[in-house]
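Remarks on the structure that follows.
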Number of protein chains: 2
Amino acid sequence: MKQRESITQHTRQNIIDAFWSLYCEKTIDKITVKEITQKAGYNRSTFYEYFHDAYDVLDKLEETLIPNLSELPPITVLSKDFGLPTDLFMDLFEHNKKYYAVLLSENGDPAFTSRLKKVIKPLLMSAFTGSTKPINHSLDYTLEYTLSAMIGILSYWISSPKPLPNDELYALVHKLMQEGSLKILQENHAV
Amino acid sequence: MKQRESITQHTRQNIIDAFWSLYCEKTIDKITVKEITQKAGYNRSTFYEYFHDAYDVLDKLEETLIPNLSELPPITVLSKDFGLPTDLFMDLFEHNKKYYAVLLSENGDPAFTSRLKKVIKPLLMSAFTGSTKPINHSLDYTLEYTLSAMIGILSYWISSPKPLPNDELYALVHKLMQEGSLKILQENHAV
DNA sequence: TTAAATAATACAACACTGTGTTGGATTAAC
DNA sequence: GTTAATCCAACACAGTGTTGTATTATTTAA
């Protein structure tokens, strides 16, 4: 049963890899099962032994890319700089850059952003209120604002051909969160 | 020639409407031309007289939803509150709520967000530097951060079943931009 | 002013591509 | 030798995009 398992895992991964190389080139609806299996070197019907359709492959792949709650240090980081754990986010994005850059691009999957928020938001919520459910609207909207901003700037960062050095980005994000974007925009205007 | 034109426009709009009612229910790849034309009351092949495929319908529809540069007052608003024209954004989102709420949702189109940014960013850029191209990275990243945040919070707002009153949202966004999200998060923490 | 010619709108039918399933062949594990 | 996994060939079906044609509105010319 040992060799069989490894074969299965291997085939599965081959299909995922073939899918991903196609997903980097075109949107998912243009990807056919035929193409995937051709690239991976299998019969088309073999695909259906492993996945339901192309969207199923994407779904399973995304699942591995969503940070595991139990892996993230829950409150420690929040108390450290009393805000969003910027360094953790940067690590997450940089580490999975290959996938994140595509999934969060204009050809990517809006559901992935949603999934990310859905995992992280309650985490932050509980850090601030002790409960995962929003106590007041202000906090809820503020988190949505900040999370969107964070995901937006980090997507931009990892997609950039010449990305900002890590420390500069870190400093900028912190300044943005501590002093507001307006102040920084005004400084730029003065220059 | 008058009646012919109006028939064309009418048919075209019928197809777009039928498409949209389907797009509200499911993702675009599950929408067939057959369904669209059935709902609109035409033969399937009539569709191809008007659009290339379902994506073409979406594309044309989105085009009408992207704010026209010439319609937006260019610098006046920026100088008013020396930042992002929050009220303009709120108007834009509220006015096109029916479409924006879907297009910016997890079942929507990431390309639409991209299109929005691509139109608005140079506008803001030129307001701050006089040129549409970024002079320094800091400004570029700051705009990306703020635009992402703005689009994020406004999407959340219009999708909410019981949305925050306009004036409260406006005040919150201004505070977020002027003082930074951290301060507001800290205030919430204290409560 | 009316009848014929033209151009638009809509559709039926066709060839093609991709989908998902079923039943069978091969090969490893027991 | 039996069982079960992996893979594949073939089938029925659904959706696509095109082509040729009928119908009807507009234009042209007698």
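The values are calculated or read from the model by the stated rules, or taken from the named source; none is laboratory data. Model, not experiment: these values are computed from the prediction. Note that we place each Cβ from the backbone using ideal geometry, even for glycine, and neighbour counts take in every protein chain shown.
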*Would you say A:S105 is within 21 Å of A:E62 (Cα to Cα), at pLDDT 95 or above and surrounded by fewer than 21 Cβ atoms within 10 Å (Cβ to Cβ)?*
yes
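Rundown of residues vs (1) farther than 30 Å from B:F128 by Cα; (2) surrounded by 13 or more Cβ atoms within 10 Å (Cβ to Cβ); (3) within 16 Å of DNA strand C (Cβ to nearest atom), yes/no style:
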position: B:N14; (1), (2), (3): yes, yes, yes
position: B:F19; (1), (2), (3): yes, yes, yes
position: B:K26; (1), (2), (3): yes, no, yes
position: B:I31; (1), (2), (3): yes, yes, yes
position: B:T37; (1), (2), (3): yes, yes, yes
position: B:Y42; (1), (2), (3): yes, yes, yes
position: B:H52; (1), (2), (3): yes, no, yes
position: B:E62; (1), (2), (3): no, yes, no
*Only one residue in B:Q178, B:Q186 is over 21 Å from the mean Cα position of the chain (by Cα), assigned to a helix (DSSP H, G or I), farther than 30 Å from B:D56 by Cβ and in contact (Cβ under 8 Å) with a residue 12 or more places away in the chain. Which one?*
B:Q178
*Would you point out which residue out of B:S114, B:S138, B:S105 is closer than 30 Å to B:C24 by Cβ and part of a helix (DSSP H, G or I)?*
B:S114
*Report the residue count in the stretch A:135-172 for those that are farther than 15 Å from A:L124 by Cβ and either surrounded by 18 or more Cβ atoms within 10 Å (Cβ to Cβ) or more than 8 Å from chain B (Cβ to nearest Cβ) (or both).*
20
*Within the stretch A:173-186, work out how many residues are more than 27 Å from A:H95 (Cβ to Cβ) and more than 7 Å from chain B (Cβ to nearest Cβ).*
1
*Which residues, taken from the stretch A:126-163, are at pLDDT below 95, in contact with a Pro (Cβ under 6 Å, 6 or more places away or on another chain) and not hydroxyl-bearing (S, T, Y)?*
A:D140
*within 14 Å of DNA strand D (Cβ to nearest atom), in a helix (DSSP H, G or I), acidic (D, E) and more than 23 Å from A:L103 (Cβ to Cβ) - does that describe any residue in the stretch A:21-30?*
no
*Taking the stated definitions as given, is B:L78 surrounded by 19 or more Cβ atoms within 10 Å (Cβ to Cβ), part of a helix (DSSP H, G or I), modelled with pLDDT of 85 or more and more than 9 Å from chain A (Cβ to nearest Cβ)?*
no
*A:K117 vs. criteria modelled with pLDDT under 95 and either more than 11 Å from the chain's Cα centre (by Cα) or more than 7 Å from chain B (Cβ to nearest Cβ) (or both)*: no
*When you go through A:T142, A:T146, A:T132 one by one, which is the residue that is on the phi < 0 side of the Ramachandran plot, in the same structural domain as A:F89 (by TED's automatic domain parsing) and touching a residue at least 60 places away in the same chain (Cβ under 8 Å)?*
A:T146
